[in-house]
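The values are calculated or read from the model by the stated rules, or taken from the named source; none is laboratory data. Just so we're clear, the structure is a prediction, and the values are computed from it rather than from any experiment. The accessibility values were calculated without ligands, DNA or RNA, using every heavy atom of the protein model including side chains. Shrake-Rupley method; radii C 1.70, N 1.55, O 1.52, S 1.80 Å.
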Amino acid sequence: MDVSAALPPAVVIGVGNDHRRDDGVGWAVVAGLARSRNPALLPHRTRLTCTDGDPAGLMNAWEGVRLAVVVDAAYARPARPGRVHRLRLDGDLPPAPRGGAGTHGFPLGDTVRLARALDRLPGELLVYAVEAADTGFGTGLSPRVAAAVEPLVRRIEEDLARQAPAGP
């Protein structure tokens, strides 16, 4: 018997803080998926969850799934707020930059390395990083990041429909 067939097919994890403006984009995407819940696009038993990026929380959220989709805010220079990067994490990861203060104390790459060392990675890990404009205190996404949410919700629904089998 294929043990992976008994695993929940997928989880979508929004990482961030909705009280730090664009850092809440991961949570906004998960909320968009929860509102849509299109059974044709979201495979049966797909879990939706949000976390602040704590390594233990992330590893617990993706434990026992074949596919984990993580959505988080990202910094880039030059910044193009609302631009979406899609990364399939496998193999070696580049070293995490040090010295730059982000909104998360433990970068996602470090969490992946830790999960790999502890044998706690999901079967497949897909990351969507949305370039942020403003991660200062306050609520609400900047206009360009907010405009990226619905297209990203649709893109993730399509990814899930293609990659995880539907059905009970």
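Each residue of the range 75-80 was assigned a 3J(HN,Hα) from its phi angle through the Karplus curve 6.51 cos²θ - 1.76 cosθ + 1.60 (θ = phi - 60°); the sequence is 10, 8, 10, x, 6, 10 Hz, with glycine and proline shown as x. With every protein chain in place and a 1.4 angstrom probe, the accessible-area ranking of Glu63, Glu150, largest first, reads Glu63, Glu150. Between the amide H of Arg20 and those of Gly138, distances stay under 5 Å, these residues lying 5 or more places away or on another chain, with hydrogens modeled in the peptide plane. Heavy-atom accessible area, probed at 1.4 angstrom with all protein chains present, ranks Trp27, Trp62 as Trp27, Trp62, highest first.
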